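See below for the structure under consideration.
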Amino acid sequence: MTNPQQNLPVNVVVNGVRHQVEVDPRLALVDFLREDLELTGTNVGCRTGDCGACTVTVDGEVVKSCLSLAVSADGSEIRTIEGFAGEGEELSPIQSAFWNEFGFQCGYCLPGMLFCTEELLGENADPSEADIRHAIDGNLCRCTGYHGIVRSVQTAAAATRTCNRKRVSE
Amino acid sequence: MIAHRFKYSCPRSAEEAAAELAQMEGEETAIISGGTWVVPEMSHHLRRPKLVIDLKLAGLAGVSAEADAVVIGPATTYTQLAHSKHTPNFLKKVVAGITGGSQIRNRGTIGGSACYANPASDIPGALVTMKASLHLRAHSSTRIVEAADFFLDANVTLLEPDEILESISIPSTNDENLFSYAKFKTAQGSWPIVTIGCIASEDGVARRVIVGGAGAIPFAVDLDGQESEDEVLQRVHAAMRQPWSDVFATADTRRHIAGVMTQRAVREIAAAKNGEKS
Ligand SMILES: Cc1cc2nc3c(=O)[nH]c(=O)nc-3n(C[C@H](O)[C@H](O)[C@H](O)COP(=O)(O)OP(=O)(O)OC[C@H]3O[C@@H](n4cnc5c(N)ncnc54)[C@H](O)[C@@H]3O)c2cc1C
C-alpha cells in the first residue's frame with residue numbers, strides 16, 4: 001500500500017503523445033487532462049456522470065472522465081476531442097457534419113456527442129433516428145434541442161458510407 | 001480535486017484485496033469497480049475513505065459457463081455482459097436498458113451496482129429474479145449468500161466492511177423458465193421508477209414477480225396463476241414492506257406503479273405463452 005500523500009507514477013499516451021508523470025491519486029482523469037496536460041477541450045459539467053461533457057476514450061472505450069481517477073488510467077491510451085480528427089485532417093467527417101448541419105451552438109457537449117457518434121457509426125453504418133437518439137442519450141445538450149445533432153449524425157453516417165464506398169471501389 | 005487524502009491500491013486478486021481490507025480495522029474504504037458511483041461521491045465529499053481499492057488488475061471481470069451455472073465476475077461491465085455469449089438472455093435485456101449512455105455501460109459494473117444496492121437500480125431486482133448467489137470473500141473466510149438475502153435496506157447489504165464480492169453465479173435452470181422484464185421510467189434517459197422481473201414456470205404461467213425500485217429492496221410476489229388482475233394488484237401491495245420514496249417519485253406513486261406494472265408483466269407472460277409477440 002502506498003502512503004496517502006505520495007504521488008503515483010502514471011504512464012499514458014494521450015492523442016498519440018506519451019506522458020510519464022507523477023500524479024496525486026485524488027486527481028480525477030478529467031482534471032488531469034485539463035489542468036496537467038492543458039487539454040481543455042474536455043469539459044467539466046456535472047461531475048456526476050450525467051452530462052457527458054467530459055467524454056474521452058480510454059483504450060478505445062467511450063467513457064466519462066469525471067468518473068475515474070487519473071491513476072486508474074495508468075498504462076492506457078486516451079483520446080480527447082483535441083485528437084478527434086485524424087492526422088492531417090482539420091476536421092474529421094463527423095466534425096464536418098456537425099459543423100455543416102449547425103449541430104451545436106456553444107459546443108460544450110461536443111466531446112460526448114462526437115465520441116458517441118463515432119462509436120455508433122463504427123457499429124452501425126446506417127443508423128435509424130431511434131438508434132441515433134439511443135447512442136447520444138448519455139449526453140446533455142442545453143442549446144439545440146437535439147434535432148440538429150440527430151441531423152448531423154445522419155449526415156455523418158451518409159458521409160462515412162460514401163467514404164467507405166469510395167475506398168472499396170478504388 | 002478530491003479534498004481528503006487516501007491510500008490508493010491496485011490488488012492483483014480478490015484475496016489480495018480482502019487481505020488489505022482486513023488491515024483496515026473498520027476504517028472506511030471504497031472499492032473502485034467501474035467507479036461510476038464511488039468517484040463522484042468522493043469528488044462531492046460525500047465519502048471519505050482512508051483506502052481506495054481499484055479492482056482493475058484483480059482479474060474480476062468476465063463471464064464463463066460452468067456445468068450448472070453462469071459465473072460472472074463483479075467487475076464485468078454492462079457492455080461486456082451485452083457482448084458475452086454466456087450472459088443469460090434475461091440479463092442481456094436488463095443491461096441493454098441501463099441509461100447514462102454507452103459511457104456508463106462501458107464502465108459501470110454488475111458488482112458495483114449490486115454492492116451499492118441503490119433501490120432504483122436495475123441489478124438488485126434482476127439478481128433476485130435470476131436466483132443468483134453471491135460469493136463473498138474476507139481475508140480468511142468465504143461465504144455464499146442468495147441474492148434474495150443479500151439486500152437488507154436501501155444501500156445496505158450483507159457485505160461486512162472487510163468483505164468483497166468475488167463472483168456472482170446464476171443457475172442455468174433459468175434457461176428453462178420464461179422471463180419478462182419491464183421498467184417504468186419518466187423519460188428515456190431517466191432512472192427506473194419501478195422494475196419488474198417476471199418468472200413463469202415451464203407451463204407458461206406467471207409464478208413469481210420480483211418488484212424492484214418500489215421498495216427499499218427488491219421483493220417477490222408469488223402467484224399461482226389463477227388470480228384476477230385485481231388480486232394481482234392486492235398481492236403486490238400486501239408484499240410491499242419497505243416502501244421507497246425519493247426525488248423522482250413518492251412511495252405512493254411507486255406503490256401504484258408497481259401494481260400496474262405487475263399486471264402488465266403477467267399479461268405479457270400470458271401473451272408469450274399464446275405465441276403473441278410481446
Ligand atoms: C448517468 C447515469 C445513469 C445511470 N443509469 C442507470 C440505470 O438506468 N439503471 C441502473 O441500474 N443504474 C444506473 N446507473 C448506475 C450504474 O448502474 C452504476 O453506476 C454502476 O453499475 C455501478 O457500478 P460501478 O462498478 O461503477 O460501481 P463503483 O462506483 O465502482 O462501486 C459502487 C459501490 O460498490 C462497492 N463495490 C464495488 N465493487 C465491489 C466488490 N467487488 N465488493 C464489494 N464492494 C464493491 C464500492 O465500494 C462502492 O460503494 C447510472 C449511473 C449514471 C452515472
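The values are calculated or read from the model by the stated rules, or taken from the named source; none is laboratory data. In this text the structure is predicted, and so the values were computed from the model without any measurement. Note that we place each Cβ from the backbone using ideal geometry, even for glycine, and neighbour counts take in every protein chain shown. Side chains included, ligands, DNA and RNA excluded: accessible areas come from the protein's heavy atoms. Shrake-Rupley method; radii C 1.70, N 1.55, O 1.52, S 1.80 Å.
Restricting the search to the range B:108-133, which residues are assigned to a strand (DSSP E or B) and more than 8 Å from the ligand (Cβ to nearest atom)?
B:133
Tell me, please, whether a residue that is farther than 21 Å from residue A:50 by Cα and either within 16 Å of the ligand (Cβ to nearest atom) or part of a helix (DSSP H, G or I) (or both) can be found in the range A:129-136.
Yes, the range A:129-136 contains a residue that is farther than 21 Å from residue A:50 by Cα and either within 16 Å of the ligand (Cβ to nearest atom) or part of a helix (DSSP H, G or I) (or both).
Identify the residue in the range B:17-43 that is more than 8 Å from the ligand (Cβ to nearest atom) and among the acidic types (Asp, Glu) and, among all such residues, is nearest to residue B:118 (Cα to Cα).
Top of the filtered list is B:28.
Given the conditions (1) more than 17 Å from residue A:84 (Cα to Cα); (2) surrounded by fewer than 16 Cβ atoms within 10 Å (Cβ to Cβ), report the number of the one that residue A:8 does not fulfil.
In the conditions (1) more than 17 Å from residue A:84 (Cα to Cα); (2) surrounded by fewer than 16 Cβ atoms within 10 Å (Cβ to Cβ), residue A:8 misses (2) alone.
Consider residue A:71 carefully, then state whether it is β-branched (Val, Ile, Thr) and within 19 Å of residue B:100 (Cα to Cα).
So residue A:71 does not fit the description; no.
Just the residues that are charged (D, E, K, R) and free of Cβ contacts under 8 Å to residues at least 12 places away in the same chain, please, taken from the range B:58-97.
Our first condition is that a residue be charged (D, E, K, R); within the range B:58-97, this holds for B:66, B:68, B:85, B:92-93.
Passing the criteria: B:85, B:92.
Being in contact (Cβ under 8 Å) with a residue 60 or more places away in the chain, closer than 24 Å to residue B:98 by Cβ and buried (at least 24 other Cβ atoms within 10 Å of the Cβ) is true for just one of A:52, A:45. Which residue is that?
A:52
Could you tell me whether residue B:136 is farther than 12 Å from residue B:218 by Cβ, assigned to a strand (DSSP E or B) and either within 14 Å of the ligand (Cβ to nearest atom) or open to solvent by 40 Å² or more (accessible area, probe 1.4 Å) (or both)?
yes
It is to be established whether one or more residues within the range B:187-196 are free of Cβ contacts under 8 Å to residues at least 12 places away in the same chain and open to solvent by 20 Å² or more (accessible area, probe 1.4 Å).
Yes, the range B:187-196 contains at least one residue that is free of Cβ contacts under 8 Å to residues at least 12 places away in the same chain and open to solvent by 20 Å² or more (accessible area, probe 1.4 Å).
Determine if the range B:124-144 includes at least one residue that is in contact with a Lys or Arg (Cβ under 7 Å, 6 or more places away or on another chain) and at pLDDT 95 or above.
Yes - at least one qualifying residue is present in the range B:124-144.
May I ask you to list the residues in the range B:139-159 that are open to solvent by less than 50 Å² (accessible area, probe 1.4 Å) and among the basic types (Lys, Arg)?
Correct list: empty.
Every residue in the range B:31-53 that is out of contact with any Phe, Trp or Tyr (no Cβ under 8 Å at 6 or more places or on another chain) and in a strand (DSSP E or B), please.
Those that are out of contact with any Phe, Trp or Tyr (no Cβ under 8 Å at 6 or more places or on another chain) and in a strand (DSSP E or B): B:31, B:32, B:53.
Looking at the range B:55-77, can you tell me whether even one residue there is within 13 Å of the ligand (Cβ to nearest atom), in a helix (DSSP H, G or I) and of a type in the set (S, T, N, Q)?
For the range B:55-77, residues within 13 Å of the ligand (Cβ to nearest atom), in a helix (DSSP H, G or I) and of a type in the set (S, T, N, Q): absent.
Kindly provide the set of residues from the range B:1-17 that are more than 10 Å from every other protein chain (Cβ to nearest Cβ) and either part of a loop (DSSP other than H, G, I, E, B) or surrounded by 19 or more Cβ atoms within 10 Å (Cβ to Cβ) (or both), ordered by number.
Within the range B:1-17, B:12, B:13, B:14, B:17 qualify.
So, in the range B:160-181, how many residues would count as being within 16 Å of the ligand (Cβ to nearest atom) and either surrounded by 20 or more Cβ atoms within 10 Å (Cβ to Cβ) or on the phi > 0 side of the Ramachandran plot (or both)?
Qualifying residue count, the range B:160-181: 8.
Residues of the range A:105-123 being touching a Cys at 6+ places or on another chain (Cβ under 7 Å) and surrounded by fewer than 20 Cβ atoms within 10 Å (Cβ to Cβ), which ones?
Hits for the range A:105-123 are A:105, A:106.
Among B:22, B:30, which is at pLDDT 95 or above and open to solvent by less than 10 Å² (accessible area, probe 1.4 Å)?
Step by step, each of B:22, B:30 is checked, and only B:30 is at pLDDT 95 or above and open to solvent by less than 10 Å² (accessible area, probe 1.4 Å).
Step by step: first the residues of the range B:92-107, then only those that are under 14 Å from the mean Cα position of the chain (by Cα) and near the ligand (Cβ under 8 Å from one of its atoms), then the one that is farthest from residue B:191 (Cα to Cα). Which residue is that?
B:97
Please work out which residue is nearest to the other protein chains (Cβ to nearest Cβ), limiting yourself to the range B:32-61 and to residues that are over 19 Å from the mean Cα position of the chain (by Cα) and of a type in the set (Val, Ile, Thr).
B:39
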